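Everything on this sheet refers to the single structure shown next.
The values are calculated or read from the model by the stated rules, or taken from the named source; none is laboratory data. None of the values given here were measured: they were computed from a predicted structure. Here the Cβ positions follow ideal geometry from the backbone for every residue, glycine too, while neighbour counts run over all protein chains shown.
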Amino acid sequence: MENNYYDAADLKKFGSIVNFQKQLGEKFFDYYGEVFKDSELTAREKSLIALAVAHAVQCPYCIDAYSSDAFEKGWSEGQMMEAVHVACAIRGGASLVHGVQMMNKVKEIAM
């Protein structure tokens with residue numbers, strides 16, 4: 001069997017992060033729970049946002065969790081992939097806009 005750094009089974013162990021720092025872990029999970037409740041945005045809408053963000057931050061655990069969550073909350077495959085493309089466009093644009101910093105620096109040193 002291959003040895004991989006990422007083990008999908010570890011996602012089920014997420015709750016155990018409180019073991020090494022109970023107070024902060026519990027505060028995180030309380031906050032996390034509040035964030036994903038229905039409020040200005042529905043829990044369903046937040047699930048699709050979380051799926052896109054998971055791809056932007058490239059967290060395989062989050063991708064697994066929110067792919068399942070978004071699908072279970074009724075998002076279609078097309079909607080989910082479109083959300084991934086939105087994340088891709090924002091992430092790509094964020095890299096490109098930093099090109100302005102590079103251009104400014106090159107102009108500065110070329111003078």
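Give the range 9-51 a look and list any residue that's among the aliphatic types (A, V, I, L, M) and either outside any helix (DSSP H, G or I) or more than 21 Å from Trp75 (Cβ to Cβ) (or both), or say none.
Ala9, Ile17, Val18, Leu24, Leu41
Per-residue answers, yes or no, for (1) at pLDDT 95 or above; (2) surrounded by fewer than 10 Cβ atoms within 10 Å (Cβ to Cβ); (3) farther than 16 Å from Ile63 by Cα:
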{"site": "Asn4", "(1), (2), (3)": "no, yes, yes"}
{"site": "Ala9", "(1), (2), (3)": "no, yes, no"}
{"site": "Val18", "(1), (2), (3)": "yes, no, yes"}
{"site": "Gln21", "(1), (2), (3)": "yes, no, yes"}
{"site": "Gly33", "(1), (2), (3)": "yes, yes, yes"}
{"site": "Asp38", "(1), (2), (3)": "yes, no, yes"}
{"site": "Ala43", "(1), (2), (3)": "yes, no, yes"}
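Could you tell me whether any residue of the range 72-80 is within 14 Å of the chain's Cα centre (by Cα) and among the aliphatic types (A, V, I, L, M)? Checked the range 72-80: at least one residue is within 14 Å of the chain's Cα centre (by Cα) and among the aliphatic types (A, V, I, L, M). With respect to Ala87, determine if the residue is under 24 Å from Ala8 (Cα atoms), surrounded by 12 or more Cβ atoms within 10 Å (Cβ to Cβ), free of Cβ contacts under 8 Å to residues at least 40 places away in the same chain and among the hydrophobic types (A, V, I, L, M, F, W, C). For Ala87, the condition - under 24 Å from Ala8 (Cα atoms), surrounded by 12 or more Cβ atoms within 10 Å (Cβ to Cβ), free of Cβ contacts under 8 Å to residues at least 40 places away in the same chain and among the hydrophobic types (A, V, I, L, M, F, W, C) - is met. Of the residues Ala87, Ala54, the single one that is in a helix (DSSP H, G or I), in contact with a Cys (Cβ under 9 Å, 6 or more places away or on another chain) and at pLDDT 95 or above is Ala54.
Only one entry in Ala43, Ala8, Ala54 is in contact with a helix residue (DSSP H, G or I) (Cβ under 7 Å, 6 or more places away or on another chain) and without any contact (Cβ under 8 Å) to a residue 40 or more places away in the chain, namely Ala54.
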